[in-house]
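Worksheet: the structure to be examined is printed underneath.
The values are calculated or read from the model by the stated rules, or taken from the named source; none is laboratory data. Note that the structure is predicted; figures quoted are calculated from it, not measured. Glycine gets a Cβ as well: all are built from the backbone with ideal geometry, and neighbour counts include every protein chain shown. All accessible areas refer to the heavy atoms of the entire protein, side chains included, with ligands and DNA or RNA removed. Shrake-Rupley method; radii C 1.70, N 1.55, O 1.52, S 1.80 Å.
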Amino acid sequence: MTKEEHKKILLLLKESRLSDLYDFLISISAPNDPNYWYYKGYALRKLERFDEAIESANEALFLDANFNIAHFELGMIYQSRSDYKKAIEHIKKVVDSFSEQTTLPEKIDTLNSFALTYKMARDTDNAFKYYNLSLEILAQEIY
């Protein structure tokens, strides 16, 4: 994917033009770029085309097994389908891979999504655990 294509993708995302984003993605060719497959999976999830979204996110992981944003996207796809077991499995991989390079917003967003998934699965103990962890990390950053 070129820099110009990436800029256009980010603009379409910012403007929430998901159908246009999907149309743009299928008009370009970047079969070896995991970012391409991630964005395609994201757009397809938002368009509620979940089976295709899963295929795209899995393609991103095939190209880069450590591409955590694709694991996060799979978690969101499975959460949208009420398959909380699979959602938790993928989001947990992201949480387990937090490092010094993981930004505060990424940590907070991931932990809150993880907690929400547990809440939707009616596992309040783990929901509270990850909501509290999110707050703890935020508080540590403030102080």
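Summary of values
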read-out: Candidates Ile88, Ile137, Ile54 - the one that is within 27 Å of Leu21 (Cα to Cα) and among the β-branched types (Val, Ile, Thr); value: Ile54
read-out: Residues (open to solvent by 90 Å² or more (accessible area, probe 1.4 Å) and in a helix (DSSP H, G or I)) located in segment 111-131; value: Lys119, Asp125, Phe128, Lys129
read-out: Residue, farthest from the chain's Cα centre (by Cα), within segment 26-48, restricted to residues that are of a type in the set (D, E, K, R) and buried (at least 16 other Cβ atoms within 10 Å of the Cβ); value: Asp33
read-out: Residues located in segment 27-39, provided they are more than 16 Å from Tyr78 (Cα to Cα), touching a helix residue (DSSP H, G or I) at 6+ places or on another chain (Cβ under 8 Å) and not acidic (Asp, Glu); value: Ile28, Ala30, Asn32, Pro34, Asn35, Tyr36, Trp37, Tyr39
read-out: From the options Glu52, Glu15, residue that is of a type in the set (D, E, K, R), open to solvent by 80 Å² or more (accessible area, probe 1.4 Å) and at pLDDT 95 or above; value: Glu15
read-out: Candidates Glu73, Glu48, Glu4, filtered to the one that is charged (D, E, K, R), part of a helix (DSSP H, G or I) and in contact with a helix residue (DSSP H, G or I) (Cβ under 8 Å, 6 or more places away or on another chain); value: Glu73
read-out: Pairs with Cβ under 7 Å, 6+ apart, first in segment 57-81 and on the phi < 0 side of the Ramachandran plot and among the aromatic types (Phe, Trp, Tyr), second at pLDDT 95 or above and open to solvent by 40 Å² or more (accessible area, probe 1.4 Å); value: Tyr78/Lys86
read-out: Flag for Ile77 being of a type in the set (Val, Ile, Thr), out of contact with any Leu (no Cβ under 7 Å at 6 or more places or on another chain) and within 29 Å of Gln101 (Cα to Cα); value: yes
